[in-house]
Amino acid sequence: MKRPLALFLKAIRSDFVKVSTWTGVSSIVKMISGFISIKVVANVIGPSGIALVGQFMNWIALISTVGTGGIGLGVTKYISQYYDEPPKQRSIIAHAVRVTLATTFLTSLVVMIFSNKLGFYIFGTNQYNALIIFWGISISLFSLNSLMISILNGFKSFKKYVKVNIAISIFSLALTVFLVLSFGLYGALVNCVVTQSLTIIVTLIFLHKEPWFSSLFASIKIEWRVIKKIGAFTLMALTSALLVPFTQLAI
């Protein structure tokens, strides 16, 4: 009798159970936050507003995914793989930052240059061109935020990873409610851009004291073999990440 009980207690104390518990809590918070956000937005801007916001969010997802370079999976994999080799981890992080900055710069440039055409294609009017330009500028913040989350995941800091996601969900909810109730449809559209930009503040609050954080700004000699290594996951990541928003846009 004691042995099964001991095995049960050992199982519930295992990392797998702890991670699953924290992930479950994060999923519940995210689900509740999303439900409240949708209800508030729907009640304020109506079905036509929801359609417009959905269209804009799909474009943001599409372009922002390209802006990240799709290297998140590669960064997570190699940081985890080199868990006992800090120099290699620092190299992966530093190279990932440079790849991210390069891809976001190019993506932002394209969005801002074609802001008139893109704005008219998305909204059917040039009324929101300023919002498109601000979106182009904010892509770098979204990309860096995604990169830091991938790095944290690679270091297997699951508890902090979940805490960051919970904090982002709550922050996004508060910002959404404020902007939509204050500015209606325009506030909902601004929220699509602002939320993805300002969540980096939440991430920085949690991660700025992490031992690896300084590696983001490390001065290194660019090694193409390292870039090729983390970039090998780009096609796989972009294919899966782009298909969903592209399909919704097509529909």
Legend entry - Mean Cβ neighbour count within 10 Å, used as a protection proxy, ranking 103-111, 225-233, 24-32 highest first: 103-111, 225-233, 24-32
Inset, instruction - Please tell me the relative contact order of the range 106-251 in percent, rounded to the nearest whole number, where contacts are Cα pairs under 8 Å and at least six residues apart. - result: 20 percent
Inset, instruction - Report, in deg cm²/dmol and to the nearest 500, the calculated mean residue ellipticity at 222 nm for the chain, where each DSSP H run with n ≥ 4 adds -39500 (n - 2.57) and the sum is divided by the residue count. - result: -30000 deg cm²/dmol
Inset, instruction - Over 22 Å between C-alpha atoms is what I'm after, so list which of 30/77; 30/159; 163/228; 88/221; 88/159 land there. - result: 30/77; 163/228; 88/159
Inset, instruction - Would you work out what percent of the accessible area of the range 146-218, with all protein chains in place, is carbon or sulfur (probe 1.4 Å)? - result: 71 percent
Inset, instruction - Taking the convex hull of the Cα atoms, report for the chain its projected area averaged over all directions, in nm². - result: 16.5 nm²
Legend entry - Portion, in percent, of the accessible area of the range 42-99 that falls on carbon or sulfur, probe 1.4 Å: 63 percent
Inset, instruction - Working from Cα positions, state the angle (0 to 90°, nearest 10) between the long axis of helix 234-250 and the longest principal axis of the chain. - result: 40 degrees
Legend entry - Packing-based order for 166-175, 188-197, using average beta carbon neighbours within 10 Å, highest first: 188-197, 166-175
Inset, instruction - Find the accessible area per residue for the range 48-128; the probe is 1.4 Å, ligands and nucleic acids are left out, and the unit is Å². - result: 48 Å²
Legend entry - Most to least packed among 76-86, 211-221 [average Cβ atoms within 10 Å]: 76-86, 211-221
Inset, instruction - State to the nearest 20 debye the size of the charge dipole of the chain about its Cα centre, where the only charges are +1 on K and R beta carbons and -1 on D and E beta carbons. - result: 960 debye
Legend entry - Ratio of the Cα radius of gyration of the range 39-177 to 2.2 N^0.38 Å, where N counts its residues: 1.23
Legend entry - Point-to-point label distance, residue 32-residue 247, nm (Cα→Cβ direction, 7 Å offset): 3.0 nm
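The values are calculated or read from the model by the stated rules, or taken from the named source; none is laboratory data. Computed from a predicted model, the values in this text were never measured in an experiment. As a convention, Cβ positions derive from the backbone with ideal geometry for all residues, glycine included, and neighbour counts pool all protein chains shown. What goes into the accessible areas is simple: the full protein's heavy atoms, side chains included, and nothing from ligands, DNA or RNA. Shrake-Rupley method; radii C 1.70, N 1.55, O 1.52, S 1.80 Å.
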